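Just so it is clear, none of the values below were taken in a lab; they were calculated from the coordinates. Keep in mind the model is a prediction, meaning the values are calculated, not measured. Because the Cβ atoms are built from the backbone with ideal geometry, glycine has one as well, and the counts that use them run over all protein chains shown.
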């Protein structure tokens, strides 16, 4: 069933997963079950598409929703919640008009190909939010980041690192940090003037410097990468844009992607210190997210969530927002996998868990080196959506989990108990949408004992639509200026 334009979930529990939240809130959470850890202080930020509509005109692709940032301030005894939409051009236009003015990843401007030719998807800033230079960056695949005030969540404007991002300004939603140097690494995909992957390094002063540019006439769509002490590691699956559909704008961008299994997957290793990139061919894989990577002698080891669901089915699921789907919401099947790329070019595959999982996380202090524990959102038996937190001990093979029946859980972030704490000694923070009550919770687990269940559950007064990624900082955000009431938002 569809979602109506005022934020009410349609008939059926699972349709509430994507239901919009049109209001912006600012309040202290009153209902907390359990006890908040006194040492867990700081601010959690989450981001995702908060609504799939322009005015009251509904959108249908998961990736086209306006980015909404949620802020949870933890002081050891209370939780304060605030949400705010990123004030992109797409969002501000949708507050004033019902007419679709900007093209999306899965949305065409009315008027057929003539209205869409030459138009890139609108930057909706909905995919990831990261700490940067004392503030926040809201990220999206194909354009500039947006700077966000960490206290008020005000949008401070698009940001291009003093013009260094280039013509298209693509800056991936998944930058990575070297824990030894504090440097940030990232990449962008360029179709013009020639197809290529551009890689970047941002030093601790905030200056962006280009690394290798890798020309690829058959450039594939790629969402994520990983970092070792020596390399930027890309796993390039054969998801290729069909230019016969893209150039004349007869199809949306996502419907123009085709999975060409015969082409296979390429592991691309880009040296951080400079030098010629290395490409290793492998049979075709399909994934969105990597976990971590590390050097093991002359080998490179990388881990990712591999989909077992075919691309055409995943693409169909992304286009099912605000649309009647007979079987209802059902997330793809997948597995956590490890790939060892040997010096001689052999790729050795290892399954880490056969349970359907996504949004892999680990202790970020272990970036670029071997980590023992992975934390993921997963599906219990016969579940339609991710309703469990899965912990995988990659040394022993042990798997533990905490299930939340009739719920939709998100990405679990690991927060160490102290900066010097051992790996796994800390908490997992994640959002859970309790579907029967249509309310969301901030849930805190002891990472060492996931099966014990929540240490604390902070119940919001409303739900948060299913989202993507987030970050945590030990800085406690200040309350700042109160969020305006919905009546004070720009008129539609």
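For region 13-477, calculate the relative contact order in percent as a whole number, restricting contacts to Cα pairs under 8 Å that are 6 or more residues apart.
For region 13-477, the relative contact order is 15 percent.
In nm, to one decimal, how far is the modelled label at residue 340 from the one at residue 216, with both set 7 Å along Cα→Cβ?
Between residue 340 and residue 216, the simple spin-label model gives 2.6 nm.
Can you put 406, 32, 129, 47 in order of Cβ neighbours within 10 angstrom, beginning with the fewest? Walk me through the intermediate numbers first.
Working: 406 14, 32 17, 129 31, 47 28.
Taking fewest neighbouring Cβ atoms as first place, the list is 406, 32, 47, 129.
Taking Cα pairs under 8 Å and at least six residues apart, what relative contact order does region 291-387 come out at, in percent?
Averaging sequence separation for qualifying contacts and normalising by length gives 29 percent for region 291-387.
So if each residue of separation counts as 0.36 nm, and I subtract the Cα-Cα distance between residue 154 and residue 23, what length gain in nm does that give?
45.6 nm
Pulled fully out, how much extra length does the chain show between residue 260 and residue 278, if you take 0.36 nm times their separation in residues and subtract their Cα-Cα distance?
4.3 nm
By how many nm would the segment from residue 474 to residue 164 lengthen if fully extended, with 0.36 nm per residue of separation less the alpha-carbon distance?
Answer, rounded to one decimal: 108.6 nm.
Arranged by the count of other C-beta atoms within 10 angstrom, fewest first, what order do 370, 230 take?
By the 10 Å Cβ count, ascending, the order reads 370, 230.
With Cα extents along the principal axes in Å as the read-out, I listed [x] 71, 57, 41; [y] 121, 54, 39; [z] 59, 58, 48; which label goes with the value calculated from this structure?
So the calculated entry is the one marked [z].
Label-point separation (nm) for residue 461 and residue 192, each offset 7 Å from Cα along Cα-to-Cβ?
4.7 nm
Can you give the helix-only mean residue ellipticity at 222 nm for the chain, where every DSSP H stretch with n ≥ 4 adds -39500 (n - 2.57) and the sum goes over all residues, rounded to the nearest 500 deg cm²/dmol?
That calculation yields -1000 deg cm²/dmol at 222 nm.
Take residue 205 and residue 366, extend 7 Å from each Cα along the Cα→Cβ direction, and tell me the distance between the two endpoints in nm.
Distance between label points: 3.5 nm.
For the residues 337, 184, what sequence is obtained by ranking on other C-beta atoms within 10 Å, fewest first?
Ordered by Cβ neighbours within 10 Å, fewest first: 337, 184.
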